[in-house]
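Note sheet for the following structure.
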Amino acid sequence: MKVEFETRGPVDEPYLKLNEEQILGMTLGAGSMSIGLRPSALQHITFDAGLMGLCPPQSEYWIGTCDMTHVTMTISDEALMAASDGVGSKIELRLERELVDPRLRALATAVDVERTAGFPNGRLFLDSVEQALARALVVGYAVRDYSVRVYRGGLSPAKLRKIKEMLQEKIEEDLSLEEMARTVGLSAAHFSQVFRNTTGQTPHKYLMCYRVQRAKEMLRSAEMRVLDVAIACGFKTQQHFARVFREMCGASPTEYRYQTLR
């Protein structure tokens with residue numbers, strides 16, 4: 001999923017906007033804009049933070065007066081098709097200029113928080129959010145009704161062991177959902193659901209827990225710096241490591257080390 005931040009200001013004259021991809025956008029503050037299918041028929045709207053818009057591929061519209069800051073998320077055709085049950089062609093979504101949907105807004109807000117922090121959680125986090133967005137869009141905003149694909153059951157002990165071995169080997173890497181799924185011969189959507197059925201956690205949450213557990217083992221030694229532990233366990237920054245560690249353990253890495261070594 002591609003995430004972009006954009007600020008649009010005043011323009012001298014209306015301009016045509018063409019979307020080539022599936023775009024979901026959310027405003028980040030109050031603003032206003034004029035928009036319409038023709039430059040001579042623009043509708044002026046004002047909005048608060050959190051207003052969303054859905055623009056399908058090849059949708060075009062004219063923009064006039066504009067004062068807005070927003071974040072946009074590109075949802076892939078693959079994610080949409082994986083979310084639908086028994087569909088082998090592209091999913092067509094409706095054009096929605098003033099979209100109010102609490103679930104989509106919560107997911108988009110999580111993406112913007114991640115963007116603001118510099119994407120510390122890596123590809124696996126964004127992959128998981130894209131799947132959740134795709135499922136919500138297929139159910140609520142497709143031009144015709146689709147059922148959402150549901151995978152039941154779980155991973156076999158052998159496949160779960162393969163995943164654990166992969167995490168142990170590649171703990172420092174920025175893993176993707178596709179890479180994890182490919183390890184056990186499943187699609188990303190299939191893997192994500194059966195993994196959660198098996199462990200009770202999303203792949204991203206499971207990876208974070210695995211990294212923190214490894215970090216706890218390393219912190220019991222006084223030889224490694226906290227920064228070195230963070231990097232060795234796959235955290236991009238010491239700040240992100242400290243925040244995740246405190247959320248899971250109730251103490252900072254330094255506090256945990258002091259408690260275990262004294």
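The values are calculated or read from the model by the stated rules, or taken from the named source; none is laboratory data. As the structure is a computational prediction, the values presented were derived from the model and not from experiment. Don't worry about glycine lacking a Cβ; one is built from the backbone with ideal geometry, like all the others, and counts go over all protein chains shown. When the accessible area is computed, the model is the full protein with side chains, heavy atoms only, and any ligands, DNA or RNA have been set aside. Shrake-Rupley method; radii C 1.70, N 1.55, O 1.52, S 1.80 Å.
Distance between the C-alpha centres of region 20-37 and region 100-179: 24 Å, rounded to the whole angstrom. Among residues other than PHE5 whose Cβ falls under 14 Å from its Cβ, what is the net charge (Lys/Arg +1, Asp/Glu -1)? Local net charge: -1. The alpha carbons of region 8-91 give a radius of gyration and a Dmax of 14.8, 48 Å, in that order. Note on region 65-157: dipole from Cβ charges, positive end direction compared against SER76, THR65, SER128; the farthest Cα belongs to SER128.
Put a plus charge on the Cβ of each Lys and Arg, a minus charge on the Cβ of each Asp and Glu, and nothing anywhere else: the dipole of the chain about its Cα centre is then about 1320 debye. Dimensions of the chain from C-alpha coordinates, computed as largest minus smallest value along each principal axis and given longest first, are 73, 41, 24 Å.
Averaging the sequence gap over all C-alpha pairs within less than 8 Å and six or more residues apart, then dividing by the number of residues, gives the chain a relative contact order of 15 percent.
The long axis of helix 157-169 is offset from the longest Cα principal axis of the chain by roughly 90 degrees. Put a dot 7 Å past the Cα of ARG103, heading toward its Cβ, do the same for ALA41, and the two dots end up 3.3 nm apart.
Between 0 and 90 degrees, the angle of helix 102-116 with respect to the longest Cα principal axis of the chain falls at about 60 degrees.
When the chain is described by a simple charge dipole with +1 on each Lys and Arg Cβ and -1 on each Asp and Glu Cβ, the residue from ILE91, LEU107, PRO39 located farthest towards its positive end is LEU107.
Taking each residue as 0.36 nm, the span from SER76 to LEU95 lengthens on full extension beyond its C-alpha to C-alpha distance by 5.2 nm. Counting only aspartates and glutamates at least 8 places from LYS236 when in the same chain, those with an alpha carbon closer than 12 Å to its own are GLU172, GLU173, ASP174, ASP228. Here the simple spin-label model places points 7 Å from the Cα toward Cβ, and for ARG220 and GLN259 these points are separated by 1.5 nm.
Helix 238-249 and the long axis of the chain differ in direction by around 70°, with both axes built from C-alpha atoms.
Rounded to the nearest 20, the size of the Cβ-charge dipole of region 99-145 about its Cα centre is 40 debye, with Lys and Arg at +1 and Asp and Glu at -1.
Carbon-plus-sulfur accessible fraction, region 26-144 (probe radius 1.4 Å, protein heavy atoms only): 52%. Per residue, the chain exposes 52 Å² of solvent-accessible protein surface, assessed with a 1.4 angstrom probe and all protein chains in place. About the centre of its Cα atoms, region 1-60 shows a dipole size close to 120 debye [charges on the beta carbon of Lys, Arg (+1) and Asp, Glu (-1) only; nearest 20 debye].
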